[in-house]
Amino acid sequence: MVAIADRHAGGRAVTRVQVKVGHLRQVVPSALRFAFELVAEGTALDGAELGIEEVPAAGVCRECGAESVLPDFPLCCARCGGLDIEVIRGEELLVDSLEIEETCLEPNSANGGGYG
């Protein structure tokens with residue numbers, strides 16, 4: 001995520017990164033924030049806020065055609081109880097948006113060529 005955001009920032013400071021994380025990814029938000037802060041050090045994202053939107057799992061039952069929210073395992077249809085489910089939401093792990101400063105950062109030779 002940091003590499004994607006850094007590449008799209010084009011040398012400008014990033015103040016916020018908004019990500020979507022699907023329920024089925026089983027990502028712990030506090031662990032993701034901690035890892036983000038560590039990996040972002042020395043990049044254009046250093047000090048950026050990480051916003052996390054959790055996307056609930058949902059699927060379509062192949063037996064009855066109903067669409068259901070899938071809160072827990074096993075993934076089953078809320079209408080008929082069927083287990084033949086096509087997941088349509090909840091597997092996301094993506095950068096949704098960036099808030100970027102208008103001016104470019106200057107490379108800082110003191111920190112190995114990173115920004116800051």
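The values are calculated or read from the model by the stated rules, or taken from the named source; none is laboratory data. Since we're looking at a predicted model, the values are computed, not measured. Methodologically, a virtual Cβ is constructed for each residue, glycine included, from the backbone with ideal geometry; neighbour enumeration extends over all protein chains shown. With ligands, DNA and RNA removed, areas are computed over all heavy atoms of the protein, side chains included. Shrake-Rupley method; radii C 1.70, N 1.55, O 1.52, S 1.80 Å.
Odds and ends about this structure:
- Every residue from segment 40-99 that is part of a loop (DSSP other than H, G, I, E, B), hydrophobic (A, V, I, L, M, F, W, C) and within 30 Å of residue 8 (Cα to Cα): 44, 45, 48, 57
- Residue ID - most open to solvent (accessible area, probe 1.4 Å), chosen from residues in segment 1-20 that are more than 28 Å from residue 59 (Cβ to Cβ) and part of a loop (DSSP other than H, G, I, E, B): 10
- Candidate set from segment 55-70 (those that are in contact (Cβ under 8 Å) with a residue 24 or more places away in the chain and open to solvent by 70 Å² or more (accessible area, probe 1.4 Å)); member that is farthest from the chain's Cα centre (by Cα): 62
- Residues of segment 71-93 that turn out to be open to solvent by less than 40 Å² (accessible area, probe 1.4 Å), under 27 Å from residue 30 (Cβ atoms) and not hydrophobic (A, V, I, L, M, F, W, C), as a count: 1
- Residue within segment 9-26 that is of a type in the set (Ser, Thr, Tyr) and at pLDDT below 95 present: no
- Matching residues, segment 43-54, being open to solvent by 30 Å² or more (accessible area, probe 1.4 Å) and over 19 Å from residue 102 (Cα atoms): 52, 53, 54
- Output for segment 21-34, where each listed residue is surrounded by 15 or more Cβ atoms within 10 Å (Cβ to Cβ) and of a type in the set (A, V, I, L, M, F, W, C): 21, 24, 27, 32
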